[in-house]
Amino acid sequence: MGKGGGCVPSKKKHPAAVATTAGNRQIPAPIDGNKSPVASSSSEPIPTSQNDAVTDPTPTRKLKVYIVFYSMYGHVEGLAKRMKKGVDAVDGIEGILYRVPETLSPEVLDHMKAPPKDDSIPEIPAAEELSGADGFLFGFPTRYGCMAAQMKAFFDSTGQLWKEQTLAGKPAGFFVSTGTQGGGQETTAWSAITQLAHHGMLFVPVGYTFGAGMFKMDTIRGGSPYGAGVFAGDGTREASDTELALAEHQGKYMAAVVKRLAQP
């Protein structure tokens, strides 16, 4: 053929891409093997090994279990301190001790021969402080089979939290002190469940997870499936090793429950 015949394609030109047909729509063949012939309508970035490896630099915060209690003669306080030890033993969980405000005057407490409060344990500033916790352990002595008035007064001050349902879904447990074996080790905790129910909280009893220690009959021991407990007698009896061990176990048990509930 002569020049300009156009029968021989120039070597400087690339051959046209082959097109395929899908129905009545033509889809151009890919020019680059690394690119899709159809542009994605999504603005989401395509996952790569580089952006998949990006992690959140924000450090994981410690979960908090508030151990909130009232103690007149120190028995509930002793359990609370051992519970904190149990909570702190679980990785990623921190136990924080708070005492509720006293409602009796110093003169009445002195007449009742109540020892001074431990200044190292702060009084909870207000009921709203509870919003910062991931779980709770509430401790109190019994008064005729129910919680002491000081703790009830504190629960009565949580009206705004109830209105906003701030505590709904959060786990909580109880521990108690009674004067005698028939003084309310179970009923004191059982009757307190109404406070949790109105807030929509989750009651977490210790059950029989303490194992053989729940079945020992060789010594006097407080505590029940509802929670740890101590017998105070006339106020002079100290908590036994078994009672304290159950309190520490309940702290660990509650911390484990809080950790499990916090998992995505």
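Key figures for this structure:
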| quantity | calculated |
| --- | --- |
| Computed magnitude of the charge dipole of the stretch 63-262 (debye, nearest 20; Cβ of K, R +1, Cβ of D, E -1) | 500 debye |
| Sequence of 187, 180 once ranked by neighbouring C-beta atoms within 10 Å, starting from the fewest | 180, 187 |
| Listed pairs 117/259; 62/170; 64/113; 64/216 exceeding 23 Å between Cα atoms | 117/259; 64/113; 64/216 |
| Residues 175, 155, 215, 138, sorted so that the one with the fewest Cβ neighbours within 10 Å comes first | 215, 155, 138, 175 |
| Trypsin sites (Lys or Arg not before Pro) lying in DSSP loop within the stretch 96-130, provided at most 11 other Cβ fall within 10 Å | 113 |
| Dmax and Rg, reported as Rg then Dmax, of the stretch 173-264 (C-alpha, Å) | 13.9, 48 |
| For 94, 248, 238, order by how many other beta-carbon atoms lie within 10 Å, fewest first | 238, 94, 248 |
| Semi-axis lengths, Å, the stretch 63-262, gyration tensor of Cα atoms, sqrt of 5 times eigenvalues | 23, 21, 15 |
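Coordinate-derived values only; no laboratory data. As the structure is a computational prediction, the values presented were derived from the model and not from experiment. Note that each Cβ is placed from the backbone with ideal geometry, even for glycine, and that neighbours are counted across all protein chains shown.
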